[in-house]
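Following: one structure in structure tokens, then a few remarks.
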Amino acid sequence: MNSQQDTIYAHAADQIADFQFDQRVAGVFNDMIRRSVPGYAQIINTIGDFADRFVVPKSNVYDLGSSLGSATLSIRRQIEGRACQIFAIDNSQSMIERCKENLAAYVSDTQVNLLCADIRDIEIQHASMVVLNFTLQFLPISDRDALIKRIYDGMLPGGILVISEKLYFEDNQIQHLLDSQHLNFKRANGYSELEISQKRSALENVMRPDSLTVHQQRLTANGFSHFSVWFQCFNFASMVAIK
Ligand SMILES: Nc1ncnc2c1ncn2[C@@H]1O[C@H](C[S@+](CC[C@H]([NH3+])C(=O)[O-])CC(=O)[O-])[C@@H](O)[C@H]1O
Ligand SMILES: O=C(O)C(=O)Cc1ccccc1
């Protein structure tokens, strides 16, 4: 998947606007997410492995907040011949356009329905797999419960929900430790102090991480029978919940 280098926050700006998934971000997103999220490539690959295990014939798969389609592509590779449909949904038109090109670059017999829509509005039904790969953290906190409930209601018994998120830690010392390790990861990937601090300001009002306890409680309160973190690096984690 091609991507320009992310230099969005490289020059000092007078005012930092709230972060948006606009055309500029969509154009560099592949580079941005790989240099910003520890374990991203491993998470994308493992989502494909989970699809192989959990996606049953003739069921639906939902990639909610699909961006450029990395999770959808990883899943699609694993479920050829199962007569499934994937619904890849994002409310950024720029992401959808680039995602469409990425999906068209490979042949597949699995239908992908690429929709520019708000994930809070779409119908979820007959799903053996639902993916929220770093998307839930961008929804208003007050909307998260209702979305998880709708996902649960639309899933088949035995289906899997994968949720990857940046985590918040109630213990200040741990929060500081893991956050500063994440900053080191970004520095090691070539981001300057200016880029790091300007992006941090841009994300402040937009991305609100929950704690692991909040995630677990939300998932079990909404009916999921099994829950685990399967990956964590610093303050980034990926969780599974099984209906
Ligand atoms: N309410 C919403 N409705 C629809 N889309 C939304 C909404 N809010 C945010 N988005 C979309 O969710 C995506 C979040 S990025 C996901 C990475 C991808 N999953 C990946 O595996 O590469 C994560 C990140 O940038 O950290 C963006 O494309 C938004 O437009
Ligand atoms: O860059 C960061 O600091 C993050 O927390 C992750 C991220 C990655 C891509 C878009 C928005 C946030």
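The values are calculated or read from the model by the stated rules, or taken from the named source; none is laboratory data. None of these values were measured; they are calculated from a predicted model. Reconstructed Cβ throughout: ideal geometry from the backbone, glycine too, with neighbour counts over all protein chains shown. Just so you know, the surface numbers come from the protein's heavy atoms only, side chains and all, with ligands and any DNA or RNA stripped out. Shrake-Rupley method; radii C 1.70, N 1.55, O 1.52, S 1.80 Å.
Structural remarks
- Scope the range 24-54; condition under 19 Å from Ile160 (Cβ atoms), open to solvent by less than 10 Å² (accessible area, probe 1.4 Å) and in contact (Cβ under 8 Å) with a residue 40 or more places away in the chain; matching residues: Ile43, Ile47, Ala51
- When residues in the range 167-194 are screened for being without any contact (Cβ under 8 Å) to a residue 12 or more places away in the chain and of a type outside the set (S, T, N, Q), 7 of them pass.
- When residues of the range 84-98 are limited to those that are assigned to a loop (DSSP other than H, G, I, E, B) and closer than 19 Å to Asn30 by Cα, the one least open to solvent (accessible area, probe 1.4 Å): Ser92
- Annotation: of all residues in the range 109-138 being within 12 Å of Tyr62 (Cβ to Cβ) and assigned to a loop (DSSP other than H, G, I, E, B), the one that is nearest to ligand 2 (Cβ to nearest atom) is Thr135.
- Within the range 104-125, residues that are closer than 14 Å to Leu64 by Cβ sit with their Cβ atoms under 8 Å from residues that are open to solvent by 100 Å² or more (accessible area, probe 1.4 Å) and modelled with pLDDT of 95 or more, at 6+ positions apart or across chains, in these pairs: Leu114/Lys100; Cys116/Asn91; Ala117/Asn91; Asp118/Asn91; Ile119/Asn91.
- Test for Val130: is it within 16 Å of ligand 1 (Cβ to nearest atom) and crowded, with 19+ Cβ neighbours inside 10 Å: yes
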